[in-house]
Amino acid sequence: MPYIPVKEASHLTGKSEKTIRRLANNETSKPYITYEEGKLLIEVSYLQQHYPLIKHGQDTENMHGQTIDTPTQTSIDIVQPQSPVTLQHTIDLLKQELKHKEELYHQIFHEKDKRIEVLERSLLMLGEGIKKDQEKAEVIQEESEALPEKKRRWWHW
């Protein structure tokens, strides 16, 4: 089997060299990896199993000096027509899914409204509690004003 260097493998797959090196460092990849003259080489068939090889068109350089592959041919996906029965079945399934999602949304909104009502009631109760606390504070302040003020001494001991 032919072996190729990491740089060429990254060029053939369109993946970065780091990605190819990660694949090569896997324990399962060891039988498909070899070293020659200090360079890491990977088997083409093993590489093709993990990452599909891309076909290269014309190489063009961008403004940073890097080469970019431009495809020479464009591929068009051909959609095969489906029978009316399968289309109707698909439509029915989508309608059921939509109905189910609407029910879930209504449940969620209903729960949200309940939570809002509970929070509003809690705020009202807290507001009443605050009013009571303010009234108590006013009564205490009036009582403290009614008490004669204690004469202060000039010495601190």
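The values are calculated or read from the model by the stated rules, or taken from the named source; none is laboratory data. The structure presented is a predicted model; accordingly, all values stated were derived computationally and were not measured. Cβ: placed from backbone, ideal geometry, glycine included. Neighbour counts: every protein chain shown.
Some values worked out for this structure:
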{"read-out": "Residue check for R121: surrounded by 10 or more Cβ atoms within 10 Å (Cβ to Cβ), of a type in the set (K, R) and at pLDDT 90 or above", "value": "no"}
{"read-out": "Near pairs, Cβ below 9 angstrom, 6+ apart or cross-chain, from the range 1-23 (touching a residue at least 40 places away in the same chain (Cβ under 8 Å)) to any residue that is in a helix (DSSP H, G or I) and of a type in the set (S, T, Y)", "value": "M1/Y32; M1/S45; M1/Y46; P2/S45; Y3/Y32; T13/T19"}
{"read-out": "Which listed residue, of K131, K136, K95, is under 31 Å from the mean Cα position of the chain (by Cα) and either more than 30 Å from T19 (Cα to Cα) or at pLDDT 90 or above (or both)", "value": "K95"}
{"read-out": "Test: residue in the range 5-19 that is among the acidic types (D, E), at pLDDT 85 or above, at positive phi and not in a strand (DSSP E or B)", "value": "no"}
